[in-house]
Amino acid sequence: MTKLFMLLFFTNLLLFSCQEPSTHDESPYEGPPKDHIISVERAGEMYDAYTQRRVPIIKKYEDSIALDGSNFEPTRYAEYDLQTVKQYIAYIEHEAGQANVDIKTLRFYLSNYPNSDKFANGDVVKYPRKNSFFVVPTIAYEGKNVDFSIEEVDGKPTAVPISRVNSTKEINQNKRQADSTGQMNEAGFFISNNTAVQGGGTTSLILNDTQLAPPPGTGGFGNNN
């Protein structure tokens with residue numbers, strides 16, 4: 001009887017160990033985020049307001065500076081596939097965890113692609129002249145909510161606030177080492193760029209290069225106008 005029991009036990013153990021690991025890793029459902037879901041009607045009103053108050057201005061300006069006489073179509077929406085968003089969240093949470101800091105918010109910056117074929121570092125400009133946005137995580141620092149990236153300081157991942165500075169001298173004056181936990185002792189400021197992993201040991205957490213429309217577009221509001 002004992003031998004039969006042991007045989008069944010190890011058979012079940014073997015079958016269990018051969019199963020594919022679960023990839024289902026979602027937060028528990030808690031309903032819609034409070035005070036952040038708007039109605040379809042309100043979204044339509046906001047979309048129409050942008051159509052009336054912003055699109056004509058953008059189009060008029062861009063058409064006025066087009067040397068080739070082309071007609072400009074202002075961006076009306078941008079999109080990421082759901083898996084990219086999930087991967088981005090997992091990425092920034094991992095990097096923040098390595099630096100022992102907690103992400104406070106995700107900040108969406110309105111932006112514009114330059115009127116050029118390439119960025120200053122040689123990267124191809126995907127949508128010249130087009131409106132866009134990029135996403136930056138934030139942390140609480142000295143009572144403020146600030147953008148951050150991860151910088152290697154003394155071999156340790158360290159959360160560093162992002163701020164534009166005017167010179168290398170200012171960088172050296174403002175940059176301070178982090179304490180042993182990876183938290184920031186004093187503000188470490190640097191000039192940010194679009195490189196995901198920079199040569200100086202700095203890791204960007206900024207999300208961009210989404211799909212813009214129009215053209216082409218299949219949006220649900222205003223026939224992409």
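Laboratory data are not the source of any read-out in this text; all were calculated from the coordinates shown. Nothing here was measured: the structure is a model prediction, and the numbers come from that model. Positions of Cβ are generated from backbone atoms using ideal geometry, with glycine treated the same way; all protein chains shown enter the neighbour counts.
Segment Met46..Asn145, full-extension length gain: 32.9 nm, with 0.36 nm per residue of separation and the alpha-carbon distance subtracted. The slack between Tyr80 and Tyr29, meaning 0.36 nm per residue of separation minus the straight C-alpha distance, is 16.2 nm. Relative protection proxy for 33-40, 207-214, from highest mean packing down: 207-214, 33-40 (other beta-carbon atoms within 10 angstrom).
Sorted by average packing, counted as other Cβ atoms within 10 angstrom per residue and highest first, what order do 134-147, 46-59 take? Could you put the intermediate results ahead of the total?
Working: 134-147: 15.7, 46-59: 12.9.
Answer by packing, highest mean first, reads 134-147, 46-59.
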